[in-house]
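A quick write-up on the structure given underneath.
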Amino acid sequence: MNRLNLLFVLLVLSLTAQAGTPKLPKEKDLQAYLMVYHKDQDHGLHMAVSEDGYTWTALNDDKPIFDGDTIAVQHGIRDPHIFRGPDGAFYLSMTDLHVFGLRDGKRTTEWERDGNLYGWGNNRGLVMMKSFDLIHWTRTNLDFSALPAQDDMNWKEVGCVWAPETVFDEETGQLIVHFTTREGKGINKIFYAYVNNDYNAIIGQPKLLLEAPNQAYNIIDSDIIKVGETYHLFYVSHEKGAAPKHATSHKITGPYRFDDTYQDGERRAHEAPNCWKRLNSDSYVVMFDNYSFRPMNFGFVETKDFFTYHFIGYFDAKGSPMKRTNFSEQKHGAVTYITKHEYKRLMKQWPSTKGK
């Protein structure tokens, strides 16, 4: 191949790559919201959209977008989280776990492994998916029990890998997945691991991100958002029953400082905090899972300074601005932003006949 032909081939490859890899939209181009959640009834991935961040409509008439049967080792997923990376791609992570596997005929035992040795809901891994258009996805199933042992964790005896979330480390230029884990039936804590750009492998060994003082109680369900130069980490403390708490750091990997500024007023046990910004606003929402409700529901507070929080109610509750048009009993949600074009594409791919 002569030099002219080589230059032409390189130009074509470059243009093809640019065309296939969208740029990260600016906030002014983001005009809608996308929520992911799971349901105990089917252990599949569900999606809902909203144009204003208040009224939400489930795609596909609230039927699963992805069946846990087809994407998870345990034939069920939980705790989905979606993140838009600096490359414009969407990164979807989920707990690979079916908590009613015996009841639903997915296995012959209550848990994947002996509950006396590994505790409630024990599992070994995560489901990781990546997409540039929210329609076509790659998928990887990560098994943490295959990792080599380290000083603070014998991964062969990992007791759980729950509630993964993806963030971007601006200092290293790498993606991070943080998640709840424990050894055997031990105390739950938060670890993190760098992952490659293909979102199908861990780089190096996971490291401790957050644990209770003296490991005195369980810490689960971490959520990280950067505002200004501060990283805000919301998590669930089991010190006095399950309730979200707050910690801060100037470095994404910590150390994080515990504080008592977050107060949502919810007296019943609740979990899965997810913080997201209202578009074209200086308000932030903390959404949480009221799993003690019957039927289960989400609660919401708003803040502008991360010191004072205003409770705005539950989905469809009297006086609350938060509404659902065609779904209920959603669990462990997470929100990201999409463009108007992406919104229309999702509505076309998975239309709903009910609600909007």
Exercise for the section: Count the net charge of all other residues whose Cβ sits under 14 Å from the Cβ of K331, scoring Lys and Arg as +1 and Asp and Glu as -1. Expected result: -4
Practice task
Within the set of other residues whose C-beta is less than 13 Å from the C-beta of F168, count the net charge using Lys and Arg as +1 and Asp and Glu as -1.
Solution key: -3
Handout entry: Globularity index of segment 235-320, i.e. its alpha-carbon radius of gyration over 2.2 N^0.38 Å
Key = 1.12
Exercise for the section: Would you please name the GluC sites (Glu not before Pro) within segment 277-356 that are DSSP coil residues with at most 16 other C-beta atoms within 10 Å of their C-beta? Expected result: E329
Exercise for the section: Please identify, among Q205, Q31, Q263, the residue showing maximal mean-square fluctuation in a Gaussian network model of the chain using a 10 angstrom Cα cutoff. Expected result: Q205
Completion exercise
Computed for segment 90-154: size of charge dipole around the Cα centre, +1 on C-beta of each Lys and Arg, -1 on C-beta of each Asp and Glu, debye to nearest 20, value 260 debye
Handout entry: Length-normalised contact order for the chain - Cα pairs under 8 Å, 6+ apart - percent
Key = 16 percent
Exercise for the section: Find the centroid of the Cα atoms in segment 118-173 and in segment 282-328, then give the distance between the two in whole Å. Expected result: 28 Å
Practice task
Write down the Å³ per residue value for the convex hull defined by the alpha carbon atoms of segment 199-261.
Solution key: 115 Å³
Problem - Within a Gaussian network of the chain (alpha carbon springs, distance under 10 Å), most fluctuating of L102, L279, L233 - result: L102
Problem - Those lysines that a straight Cα-Cα span of less than 20 Å connects to K106, excepting residues fewer than 8 apart in one chain - result: K39, K63
Completion exercise
Given the candidates S328, S222, L210, the one whose Cα lies deepest towards the positive end of the charge dipole of segment 31-349, counting +1 at each Lys or Arg C-beta and -1 at each Asp or Glu C-beta, is S328
Practice task
Express the C-alpha Rg of segment 31-349 as a ratio against the empirical globular expectation 2.2 N^0.38 Å, rounded to two decimals.
Solution key: 0.93
Completion exercise
When the chain is treated as a Gaussian network with springs between alpha carbons less than 10 Å apart, the largest mean-square fluctuation among H75, H178, H38 is found at H75
Fill in the blank from the handout: Links exceeding 19 Å between C-alpha atoms in this model, out of K185/K245; K26/K277; K23/K130; K226/K304; K28/K340, come to K185/K245
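Readers should treat all values here as calculations from the given coordinates under stated rules, not as data from a laboratory. Keep in mind that this is a model prediction, so the values were computed, not measured. In this analysis, Cβ positions are derived from the backbone assuming ideal geometry, glycine residues included, and neighbour counts consider all displayed protein chains.
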